[in-house]
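The values are calculated or read from the model by the stated rules, or taken from the named source; none is laboratory data. Just so you know, these numbers come straight off a predicted model, no measurement behind them. Cβ sites come from the backbone with ideal geometry, for glycine too, and all protein chains shown count toward neighbours.
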Amino acid sequence: MAAVTMAFTAYAHQHHQHEHLHHHGEHAQVEFSGHEKELSDVEFSRCWVRLVPGARPSAAYFDIKNTGAESIALVGVRADKFTDMMLHETTVVDGVSKMSMVDKVVIEAGQTASFEPKGNHVMLTAESDDAVAVGDTVNLQFKFEGERVASTECLVKPINSLSFEG
Ligand SMILES: [Cu+2]
């Protein structure tokens, strides 16, 4: 975990206790204009979605490497067939794990940030119970500060999965 926290800085937007089942109507989703430019200095790997059935919030995890010479700031995510997508961090306060939305995740030049269970993740909710299935591949599109975008393919895995590999 130490290596992970060194790799990025998460800016907390608002800390409040909630669970995945709750909705987050107070948070506006980042808009994709369609006029963004491609961010080339970024590499994604091991992207997967832990699919929670019943159209309840799922989570996406991945490694993101900044291969450029300047820091980058991830500010939003979207994907077809999913809604309510947001960046979340998990913090443990007094032994209780809490999630909160973050406005952005900064990744310094040359660093890799791991989004993983019990850490940073992308919350996302399938549009319907049959919109997405285990074994599907979904394309996650990421928006960065400076009107830049990048995307990666992610494997949809069952709810009891713990990692990309297992
Ligand atoms: Cu979350």
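If the condition is being of a type in the set (D, E, K, R) and surrounded by fewer than 19 Cβ atoms within 10 Å (Cβ to Cβ), then the range 149-165 contributes Glu153, Glu165.
The residue that is nearest to the ligand (Cβ to nearest atom), counting only those in the range 103-124 that are outside any loop (DSSP other than H, G, I, E, B) and surrounded by fewer than 21 Cβ atoms within 10 Å (Cβ to Cβ), is Met123. Sub-8 Å Cβ pairs linking a first residue in the range 77-106 that is touching a residue at least 24 places away in the same chain (Cβ under 8 Å) to a second residue that is more than 15 Å from the ligand (Cβ to nearest atom) and among the polar types (S, T, N, Q), at least 6 apart or interchain, are Val77/Gln141; Arg78/Gln141; Ala79/Asn139; Ala79/Gln141; Asp80/Asn139; Val105/Thr9; Val106/Thr9; Val106/Ser71, ordered by first then second residue. Would you check if there is a residue in the range 125-134 being within 16 Å of the ligand (Cβ to nearest atom) and in contact with a Pro (Cβ under 8 Å, 6 or more places away or on another chain)? Looking for residues that are within 16 Å of the ligand (Cβ to nearest atom) and in contact with a Pro (Cβ under 8 Å, 6 or more places away or on another chain), one finds at least one in the range 125-134, hence yes.
For the condition surrounded by 11 or more Cβ atoms within 10 Å (Cβ to Cβ), at pLDDT below 90 and not in a loop (DSSP other than H, G, I, E, B), Tyr61 does not qualify. Looking at this structure, is Lys118 at pLDDT below 95 and touching a strand residue (DSSP E or B) at 6+ places or on another chain (Cβ under 9 Å)? In short, yes. The residues listed here are Thr90, Thr67; of these, the one that is more than 16 Å from the ligand (Cβ to nearest atom), in contact with a strand residue (DSSP E or B) (Cβ under 7 Å, 6 or more places away or on another chain) and either of a type in the set (Asp, Glu) or over 12 Å from Leu51 (Cα atoms) (or both) is Thr67. Among the conditions (1) surrounded by 19 or more Cβ atoms within 10 Å (Cβ to Cβ); (2) without any contact (Cβ under 8 Å) to a residue 24 or more places away in the chain, the only one that Leu74 does not satisfy is (2).
A quick yes/no check of all residues on (1) modelled with pLDDT of 95 or more; (2) in a loop (DSSP other than H, G, I, E, B); (3) under 22 Å from Ser151 (Cβ atoms):
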position: Ala10; (1), (2), (3): no, no, yes
position: His13; (1), (2), (3): no, no, no
position: His23; (1), (2), (3): no, yes, no
position: Arg46; (1), (2), (3): yes, no, yes
position: Val49; (1), (2), (3): yes, no, yes
position: Pro53; (1), (2), (3): no, yes, no
position: Leu74; (1), (2), (3): yes, no, yes
position: Val77; (1), (2), (3): yes, no, yes
position: Lys98; (1), (2), (3): no, no, no
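Asp41 passes every criterion in (1) surrounded by 14 or more Cβ atoms within 10 Å (Cβ to Cβ); (2) in contact with a strand residue (DSSP E or B) (Cβ under 6 Å, 6 or more places away or on another chain); (3) at pLDDT 95 or above apart from (2).
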